[in-house]
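Here the structure comes first, spelled out in structure tokens, and everything after it is commentary.
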């Protein structure tokens with residue numbers, strides 16, 4: 001059974017997936033499973049392949065990432081990389097995210113302080 005804290009973490013994770021995937025790809029080309037591992041490493045949340053690949057396809061259709069097949073080894077892999085449009089989107093999304101967090105902290109932190117001093 002999901003606890004409210006777990007649900008809150010999952011909701012935050014889902015709402016941040018685009019910027020997280022673009023951030024992973026800012027370090028260079030990655031294939032799907034490697035992206036999945038990086039997301040788990042940095043967020044503590046697991047993303048299923050059934051959620052990740054549709055997201056990657058959408059980002060590709062929006063021109064934010066480019067997918068290419070590497071057939072040079074026994075196992076073909078689809079590699080993903082940021083496009084210039086993806087880099088711009090990442091920068092804009094990161095700035096929006098930072099501004100939102102700052103506004104949220106302005107609301108939440110004083111409330112926590114009040115509770116800590118009066119409760």
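The values are calculated or read from the model by the stated rules, or taken from the named source; none is laboratory data. Everything numeric here is computed off the predicted structure, so don't read it as measured data. Every residue, glycine among them, receives a Cβ derived from its backbone with ideal geometry; neighbour counts consider all protein chains shown.
Can you name the residue in the stretch 84-119 that is at pLDDT 95 or above and touching a helix residue (DSSP H, G or I) at 6+ places or on another chain (Cβ under 9 Å) and is also farthest from residue 28 (Cα to Cα) among such residues?
89
Starting from the stretch 41-54, take each residue that is without any contact (Cβ under 8 Å) to a residue 24 or more places away in the chain and list its partners that are surrounded by fewer than 15 Cβ atoms within 10 Å (Cβ to Cβ), counting only C-beta distances under 7 angstrom and pairs at least six apart or across chains.
46/40
Testing residue 29 on (1) over 14 Å from the mean Cα position of the chain (by Cα); (2) exposed (fewer than 15 other Cβ atoms within 10 Å of the Cβ), one condition comes back false. Which one is that?
(2)
Residues of the stretch 25-40 being in contact (Cβ under 8 Å) with a residue 24 or more places away in the chain and at negative phi, which ones?
25, 26, 29, 30, 31, 32, 35
What are the residues in the stretch 62-89 that are assigned to a helix (DSSP H, G or I), surrounded by 12 or more Cβ atoms within 10 Å (Cβ to Cβ) and either without any contact (Cβ under 8 Å) to a residue 40 or more places away in the chain or in contact with a strand residue (DSSP E or B) (Cβ under 7 Å, 6 or more places away or on another chain) (or both), if any?
Within the stretch 62-89, 85, 86, 88 qualify.
Can you pull out the residues in the stretch 41-61 that are exposed (fewer than 10 other Cβ atoms within 10 Å of the Cβ), within 12 Å of the chain's Cα centre (by Cα) and outside any helix (DSSP H, G or I)?
Once the filter is applied, which keeps residues that are exposed (fewer than 10 other Cβ atoms within 10 Å of the Cβ), within 12 Å of the chain's Cα centre (by Cα) and outside any helix (DSSP H, G or I), the stretch 41-61 yields only 44.
Determine, yes or no, whether residue 35 is at pLDDT 90 or above and either outside any helix (DSSP H, G or I) or surrounded by 10 or more Cβ atoms within 10 Å (Cβ to Cβ) (or both).
Here the answer is yes, as residue 35 does meet what is asked.
Yes or no: residue 15 within 23 Å of residue 83 (Cα to Cα) and exposed (fewer than 12 other Cβ atoms within 10 Å of the Cβ)?
yes
Pick out the one residue from 16, 23, 43 that is touching a helix residue (DSSP H, G or I) at 6+ places or on another chain (Cβ under 6 Å) and closer than 24 Å to residue 95 by Cβ.
None of the other options fit; the residue is 43.
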